1. Could you order peptides A:174-186, B:105-117 by the average number of other Cβ atoms within 10 Å of their residues, highest first?
2. Show that you can apply the helix-only estimate: for chain B, add -39,500 (n - 2.57) for every DSSP H stretch of four or more residues, divide by all residues, and state [θ] at 222 nm to the nearest 500.
3. Determine the sum of side-chain charges near residue A:157: Lys and Arg each +1, Asp and Glu each -1, restricted to other residues whose C-beta is under 15 angstrom from that of residue A:157.
4. For chain D, what % of the accessible area comes from carbon and sulfur atoms, probe 1.4 Å?
5. In terms of modelled amide H atoms, which long-range or inter-chain residues lie less than 5 Å from the amide H of residue C:152?
6. Given a Förster distance of 30 angstrom, what is the FRET efficiency for residue B:10 paired with residue B:186, based on the Cβ-Cβ distance and rounded to 0.05?
7. Given labels modelled 7 Å from the Cα in the Cβ direction, how far is it in nm from residue B:78 to residue C:200?
8. Over region C:8-51, consider all pairs of different Cα atoms and compute the Kirkwood hydrodynamic radius from their mean reciprocal separation; express it in Å, one decimal.
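The values are calculated or read from the model by the stated rules, or taken from the named source; none is laboratory data. All values reported here derive from a predicted model rather than from experimental measurement. Here the Cβ positions follow ideal geometry from the backbone for every residue, glycine too, while neighbour counts run over all protein chains shown. Ligands, DNA and RNA are stripped out before the accessible areas are found, and what is left, the full protein with its side chains, is counted by its heavy atoms. Shrake-Rupley method; radii C 1.70, N 1.55, O 1.52, S 1.80 Å.
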4 protein chains.
Amino acid sequence: MRKKGSNGQESRARLLEAAAQEFARSGYHETKISTIVSRAGLTQPSFYLYFQSKEAIFEELMELFEIQFKEMGRHSREEPDDPDNVGQEGNRREASEGQMYRELAGLFGFLGKNQDLTQIGFFTGTQSAALKRRLMSAIHSDFAAKQQNGHFRHDADMEIAAECLLGTIECLTREQLLTGKRPPEELAQEVVRLYLLGLMA
Amino acid sequence: MRKKGSNGQESRARLLEAAAQEFARSGYHETKISTIVSRAGLTQPSFYLYFQSKEAIFEELMELFEIQFKEMGRHSREEPDDPDNVGQEGNRREASEGQMYRELAGLFGFLGKNQDLTQIGFFTGTQSAALKRRLMSAIHSDFAAKQQNGHFRHDADMEIAAECLLGTIECLTREQLLTGKRPPEELAQEVVRLYLLGLMA
Amino acid sequence: MRKKGSNGQESRARLLEAAAQEFARSGYHETKISTIVSRAGLTQPSFYLYFQSKEAIFEELMELFEIQFKEMGRHSREEPDDPDNVGQEGNRREASEGQMYRELAGLFGFLGKNQDLTQIGFFTGTQSAALKRRLMSAIHSDFAAKQQNGHFRHDADMEIAAECLLGTIECLTREQLLTGKRPPEELAQEVVRLYLLGLMA
Amino acid sequence: MRKKGSNGQESRARLLEAAAQEFARSGYHETKISTIVSRAGLTQPSFYLYFQSKEAIFEELMELFEIQFKEMGRHSREEPDDPDNVGQEGNRREASEGQMYRELAGLFGFLGKNQDLTQIGFFTGTQSAALKRRLMSAIHSDFAAKQQNGHFRHDADMEIAAECLLGTIECLTREQLLTGKRPPEELAQEVVRLYLLGLMA
DNA sequence: TATGAATGAGATTTCATTCAT
DNA sequence: GATGAATGAAATCTCATTCAT
């Protein structure tokens, strides 16, 4: 007789969930299979019914993060810019500000939603470096375009600027977002104004 | 005639050096004592002549970084500001810029000098969080003062700004400085202008 | 079909048994986990399924001995004295003799039954000193009472006498009982007559 | 230039002394060469100038004890019995008592003198069993002779009695003598009366 | 005589992983 | 689908002992 709810897919999901929590909290090496399975209410051999190894489940979590991350990126790019703000002279700054705000708010919103995956995929995982490099590239391209358009200063190095923004995102995510100190929107707002206007009065 | 390197202090130094490299490259858990000692041209028991445990040598390296870091901070604070630039109206921005540049250039210079220790003490070690929090606090205080003086915008959140700058420093250190892509001075220069003036044309 | 002995409780028992033998034969330090597990037909990691450490299994054996020892003490105290021998003048000596004989025979019987545990708990273990001190105290109290009643000489020091008897018990256990040279009853009989009557003709 | 008093014989003696203390306090396995040499104010290699191994120094200490022990035995046997007490009827008991008292007092006196060696040679060492067996044999012979002479009861087993006395000696030495609770003479006196007269009033 | 430096050998313990049911 | 039991492989650490000076 099958225990209610003890079907394979659920067990697998519970393992993933438990693993995400543990990896996020303690990192890869400090996390033991024994802890994961006991959190999931299973035993060690059961783990190997669903995952080939400790590494495998970790990688699956990283991929999960990456897939969702890419999806988020696509959504954010598909979102049409507000057409009212296009073309008007005085709104050039506001347009930039608005687009950047939406993208950052979207990113922070995403990162803040699944904290464990973010911790793993953005900070712990081995692929996080590659992912961040891609993110940096995207920012860089965006910034370079804006520099070409004359929106951004010509005497600033857009690669450095993109790297700066990436670091800023990382740090705010870690210290303010994942700790719940500030909501995504506030962070986005502050970052946008800081990066566009600077701090000088 | 003494065999070359058969000197206790030298062996200890070689172990520290090797450990720094390994810890920096592979992190705490992936680093094995066996690797450290073989890099240092010794056998495992010799390790325990000089350090009580793997943890102990790691902590010693973290402390080493912290001590040097504090020292660097003290030096940078003792350096007198250029007196010519004080008090003149039009130079307010240049004064701020100059001070911030010197501090950042000093910091980047320090971090870039001993790369292994920086990797350990700034990115890997358990105390790195505390150290960064202290650094963030210092930046925050500095920014808040400048906001009070009217140098900085009143509608910006100085805590967030400080956090942003810290993240920027982290990321540039990791991606540009430790990889040798850019020199400390260039990074400092770009960061200062970005944070003071923003990106808008 | 379950492989013979592939039952957790049995494995645990085999480990305890093997450990008792080894500790008894060779003492704590000379006993290696590797010997215990190989005697039990297991490998080293299996040991740690059942016991936290070498110290832990040793302590468990000591406790086992102590528990059984206390139980034996309780039984022996609850056993009613032979009512026929009570109250009659000429039987005072016989009464004392009988009681002492039963207690000693019970003690020797117990110690002779599980030789390994006795070796560990009575001779090897760290708690053996405390246990013996308690035993000595009990003997001392008993002797003191008999001295008060006028059964025992007033010019003898009951503390010393108790200590003497304890030493006697120890030595006979080690040399005669655990080696199988003499049965518990004979030892008890001889000791009783020696301690009550002395050796003089 | 030779440090004053740092000649070989003295160093050797200091090592023996330190080793005796450590072995007596902590037993063979818990005692480390490093502790011995540091107590003796030397370094580890120096140890091997004087002794071949840890085992060797331990054996030397055991032998030292044995030699002194044998010497003590010889002295005690050579001591002439008090001639006044020979041959008189009523003094048979007193003669036995006196001889036994002198021997026990001598033994306790010896054992109480060098506590560390006693601990090692009488309780810890591997040869202690043999030594005690010899001691037991001697007592046994003595008792058997007395039984032949009609001094001791014929219905007592002299082997057991000897074993009992040995245990008594051991225990009193450990608990009363080495702890300083009672002087040798008192112990001897009590033991003699106990073993000759028994406890019965 | 003495030692600073180094090591061989081996012990305990941990953990991811598998076997048999 | 699940598990009780077991293990291979490896890591950290200890200690008696030796080498070279």
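1. B:105-117, A:174-186
2. -22500 deg cm²/dmol, from helical runs alone.
3. Working: positive: A:146, A:153, B:181, B:182, B:193; negative: A:142, A:155, A:159, A:163, B:175, B:185, B:186, B:190.
Charge balance near residue A:157 sits at -3.
4. Answer for chain D: carbon and sulfur cover 48 percent of the accessible area.
5. Excluding prolines and chain starts, which carry no amide H, the hits are C:147, D:201.
6. The calculated FRET efficiency here is 0.20.
7. In this crude label model, residue B:78 to residue C:200 measures out at 9.2 nm.
8. 10.1 Å
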